[in-house]
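Trainee: Can you keep this structure in mind? I'll have questions shortly.
Just so it is clear, none of the values below were taken in a lab; they were calculated from the coordinates. This structure is a prediction, so every number in the text was calculated from the model and none was measured. Note that each Cβ is placed from the backbone with ideal geometry, even for glycine, and that neighbours are counted across all protein chains shown.
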Amino acid sequence: MKLNLASLAGLIVVGTAATYAASPAHAADPAATAAKSTYAKERADCDAGRTAEDRATCLKEAGAAQQERKRNTLDNTGSARQNAIERCNLVAAKDKADCLARIEGPSQTNQTTTTSGSVAGGGVVRETKTTTTGQPTVVILPAPAAASAPR
């Protein structure tokens, strides 16, 4: 069998490309690359103080999230609203309507909800006020005592 120089060069290029692609050091897993990039950004945010947590807590949370990413169990698909509703389902039945009003806004005309604070400032506070009217209380006072006449 006779090989010419062009065929030999073609085989070398194909062989090198196959070896390069199969090499684990060069196998680029897009998910792993994205996870590393996310972790690096989270660490940088912790180091720069761009989070609402102290640095130690921030780094701990970033590391925990990275571990969950590696296990493919980190779930960020749930909505904040759904998360809040699930938390309201755990409060006492008498307080559930107020809890939901803080999330979704007042459901009754006698309710007002105000929001203050920020995540960066340490937390968002939502307050719901419900105005109710009760039955008037009637108090009967005793008649004043008769004044005595001067002597």
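Trainee: Around Arg50, with a cut-off of 15 angstrom between Cβ atoms, what is the net charge of the other residues, counting Lys and Arg +1 and Asp and Glu -1? Don't jump to the answer; show the numbers that get you there.
Mentor: Working: positive: Lys41, Arg43, Arg55; negative: Glu42, Asp45, Asp47, Glu53, Asp54, Glu61.
My count for the surroundings of Arg50 gives -3.
Trainee: Pull out the extension gain between Thr114 and Gln135, defined as 0.36 nm times the separation in residues minus the alpha carbon to alpha carbon distance; nm, one decimal.
Mentor: Numbers: separation 21, 0.36 × 21 = 7.56 nm, distance 2.77 nm.
Taking 0.36 nm per residue and subtracting the Cα distance, the gain is 4.8 nm.
Trainee: Based only on the alpha carbon positions, what is the Kirkwood hydrodynamic radius of the range 80-128, in angstrom? Mind showing how you got there, number by number?
Mentor: Details: mean 1/r = 0.0875 Å⁻¹.
Taking every pair of different Cα atoms in the range 80-128, averaging 1/r and inverting gives 11.4 Å.
Trainee: So if R0 is 22 Å, what FRET efficiency would Ser79 and Val124 give, r being the distance between their Cβ atoms, rounded to the nearest 0.05?
Mentor: Rounded to the nearest 0.05, the efficiency is 0.85.
Trainee: Please provide three numbers in whole Å: the alpha-carbon extents of the range 29-77 along the principal axes, with the largest listed first.
Mentor: 30, 17, 16
Trainee: Here is a further query. Treating only the Cβ atoms of Lys and Arg (+1) and Asp and Glu (-1) as charged, compute the dipole magnitude of the range 80-128 about its Cα centre; round to the nearest 20 debye. Please list the in-between numbers first.
Mentor: Working: 6 positive and 5 negative charges, 11 e Å.
Roughly 60 debye, rounded to the nearest 20.
Trainee: Right, next: Taking amide hydrogens as modeled 1.01 Å from N in the peptide plane, which residues meet the under 5 Å criterion relative to Leu74, leaving out close sequence neighbours?
Mentor: Those lying under 5 Å, H to H, from Leu74 are Arg69.
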